[in-house]
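Report on the structure given below.
The values are calculated or read from the model by the stated rules, or taken from the named source; none is laboratory data. Bear in mind the structure is a predicted one, so any value in this text is a computation, not a measurement. For neighbour counting, all protein chains shown are included, and Cβ atoms are generated from backbone atoms with ideal geometry for every residue, glycine included. Side chains included, ligands, DNA and RNA excluded: accessible areas come from the protein's heavy atoms. Shrake-Rupley method; radii C 1.70, N 1.55, O 1.52, S 1.80 Å.
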Amino acid sequence: MSTSDEPELKNGSDPQPEPESSIPNHTLEHPPQPEATITEDPVPEEPKQPPEIAVSANNDNSNNEAKREISSSDDHSTAAKTAAPQLTRDGEGSKTFTMRELLTQSKKSDNEGDDTHSINAANSPYSQQSTPHHQLEQNDAAMELINRVTGVDDEGRSRQRVLTYAAKRYASALERNPDDYDALYNWALVLQESADNVSVDSTSPSKDDLLEEACKKYDEATRICPTLHDAFYNWAIAISDRAKMRGRTKEAEELWAQATKNYEKAVELNWNSSQALNNWGLALQELSAIVPAREKQTIVRSAISKFRAAIQLQFDFHRAIYNLGTVLYGLAEDTLRTGGSANPKDISPNELYSQSAIYIVAAHSLKPNYSVYSSALRLVRSMLPLPYLKVGYLKAPPVGKPVAPHNDWKRSQFVLNHEGLQQVHIVEQKPGGQSLSARSGEVANFDKRAIRVDVADIVSVSACVDLTLPPGPGMCIDTIHGPTFFIADSWEYLDGWLDAIRLVYTIYARGKSDVLASVVSG
């Protein structure tokens with residue numbers, strides 16, 4: 001299991017504390033009812049220093065690791081505010097990188113060619129016929145925009161002078177070599193950072209003008225080098241920033257859809273980017289709030305899969321963990337509002353609330369000083385099956401016999417807390433009768449012969465398929481004493497168990513088990 005520190009989105013520096021969110025304090029027995037909306041204040045940004053300038057001297061196909069992130073979910077416009085409460089999304093996971101970080105990273109060229117399949121950007125709304133005359137006009141227009149940016153204060157003006165200097169260098173590089181995609185990419189970053197240096201009410205130039213011009217540069221760079229995954233990633237963020245300016249409009253919906261496509265391309269070219277997957281999930285969340293109701297649940301479930309994929313790449317990625325908790329909370333709200341699913345195999349709203357709480361508790365345990373996590377925790381803690389993190393049913397073989405005849409496997413109740421996974425007692429129930437959110441009073445006495453997996457003994461946790469196991473979604477917990485196998489009731493329940501056990505182990509490996517213990521034990 002990976003226990004390495006997650007790459008912080010500010011090159012290792014912790015962001016400023018976030019404003020507290022507000023959701024109703026619900027219990028499992030009494031499903032939540034709409035009470036109030038959430039209001040969010042802007043997340044204060046860290047001081048930004050003037051950037052170091054990096055100019056590509058040639059077309060060296062540098063694979064820059066510069067990243068920008070979708071900014072905090074400050075999209076609760078008046079039209080979007082309803083009576084249904086929501087969890088605040090993790091603004092810490094949505095901060096943009098400073099130009100210092102972006103341009104410093106752009107100096108790190110590794111000359112590694114990417115043989116990934118080519119992506120055709122011809123259908124992009126930013127694509128235009130590229131001729132020397134047209135490119136010269138476009139470069140002049142971009143320089144005119146940048147020259148009109150002055151900055152809102154002394155620090156902003158100082159930064160903007162450096163950005164303007166960088167833009168001139170990239171323009172000169174393109175005059176020498178119009179196919180220098182590195183110069184196009186870095187110029188797009190300058191335009192994107194300049195947009196952050198423009199006041200909200202500025203009209204000459206506007207943020208949107210600068211972001212649109214950045215999108216054109218990204219489009220041109222990816223046309224020349226279709227494997228430039230960083231360009232697709234940052235292009236998606238520029239599109240997302242443009243979408244946020246348009247509220248809940250049809251134009252915003254189209255922009256969010258474009259952003260998700262670019263994140264998809266970025267992930268196709270760089271599959272191990274947990275940040276890209278997290279941002280992809282955030283963009284899908286935004287899109288789901290605009291599309292017609294009949295399309296919403298499909299998009300929400302797609303967002304869940306992106307957050308889960310990000311966590312599977314990096315188990316301690318607390319931003320993706322928290323975001324998964326919020327999207328599950330939103331799905332629970334929608335399911336409750338529509339009267340639940342007609343399919344008995346679907347998870348109930350109460351189960352979704354309980355699952356949501358698990359991810360929020362995990363995010364808090366990994367980063368207990370983040371105020372947004374602490375605020376959300378206070379409001380969802382009662383949704384847990386205290387004093388446990390998770391309670392549910394798994395089919396397991398007899399103790400000490402990991403490989404046993406299928407008829408010997410029994411479905412029984414298990415509980416999970418900061419110490420590990422424990423079998424409670426063997427009680428046959430119909431698969432539809434389980435409750436992941438069972439209350440602690442329902443738990444029977446522990447059997448000394450029961451299966452127990454201590455978190456300190458865990459080596460790995462994975463889904464498994466083996467002909468020696470009974471039919472169904474299999475799970476293997478490999479420990480220093482050997483493997484233990486289980487069968488979940490469904491693939492959806494299996495995902496919940498896998499995530500919960502991995503998160504408990506990750507919290508243990510990061511030395512934060514005491515935080516988790518304080519949450520579940522009170």
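Condition test on Ala293, is it among the aliphatic types (A, V, I, L, M), out of contact with any Pro (no Cβ under 8 Å at 6 or more places or on another chain) and crowded, with 24+ Cβ neighbours inside 10 Å? In short, no. Of the residues Asp208, Asp201, the single one that is modelled with pLDDT of 85 or more and surrounded by fewer than 21 Cβ atoms within 10 Å (Cβ to Cβ) is Asp208. When Gly247 is tested against (1) assigned to a helix (DSSP H, G or I); (2) surrounded by fewer than 18 Cβ atoms within 10 Å (Cβ to Cβ), just one condition goes unmet, and that condition is (1).
Look at the stretch 265-290 and say how many of its residues are surrounded by fewer than 18 Cβ atoms within 10 Å (Cβ to Cβ) and either charged (D, E, K, R) or not in a loop (DSSP other than H, G, I, E, B) (or both). The qualifying residues number 1. Residues in the stretch 463-513 that are free of Cβ contacts under 8 Å to residues at least 24 places away in the same chain and part of a helix (DSSP H, G or I): 1 in all. When you look at Tyr359, is it assigned to a helix (DSSP H, G or I), among the hydroxyl-bearing types (Ser, Thr, Tyr) and either touching a helix residue (DSSP H, G or I) at 6+ places or on another chain (Cβ under 7 Å) or at pLDDT below 95 (or both), yes or no? Judged against the criteria, Tyr359 is a match. Scanning the stretch 229-246 for residues that are over 18 Å from Gln285 (Cβ atoms) and among the aliphatic types (A, V, I, L, M) yields Ala231, Ala238. In the condition set (1) touching a Lys or Arg at 6+ places or on another chain (Cβ under 9 Å); (2) open to solvent by 20 Å² or more (accessible area, probe 1.4 Å); (3) of a type in the set (A, V, I, L, M, F, W, C), Ala231 is compliant with all but (2). Does Ala444 meet the test of being at pLDDT below 95, surrounded by fewer than 14 Cβ atoms within 10 Å (Cβ to Cβ), of a type outside the set (S, T, N, Q) and not in a strand (DSSP E or B)? So Ala444 passes the test. If the condition is being open to solvent by 30 Å² or more (accessible area, probe 1.4 Å) and assigned to a strand (DSSP E or B), then the stretch 366-416 contributes Lys395, Lys410.
Keeping to the stretch 162-186, report how many residues are open to solvent by 10 Å² or more (accessible area, probe 1.4 Å) and assigned to a helix (DSSP H, G or I).
Total meeting the criteria: 10.
Okay, residues lined up against (1) under 26 Å from Ser305 (Cβ atoms); (2) out of contact with any Lys or Arg (no Cβ under 6 Å at 6 or more places or on another chain); (3) modelled with pLDDT under 95:
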{"position": "Pro471", "(1), (2), (3)": "yes, yes, yes"}
{"position": "Ile487", "(1), (2), (3)": "yes, no, no"}
{"position": "Asp499", "(1), (2), (3)": "yes, yes, no"}
{"position": "Ile507", "(1), (2), (3)": "yes, yes, no"}
{"position": "Gly511", "(1), (2), (3)": "no, yes, no"}
{"position": "Val515", "(1), (2), (3)": "no, yes, no"}
{"position": "Ser518", "(1), (2), (3)": "no, yes, no"}
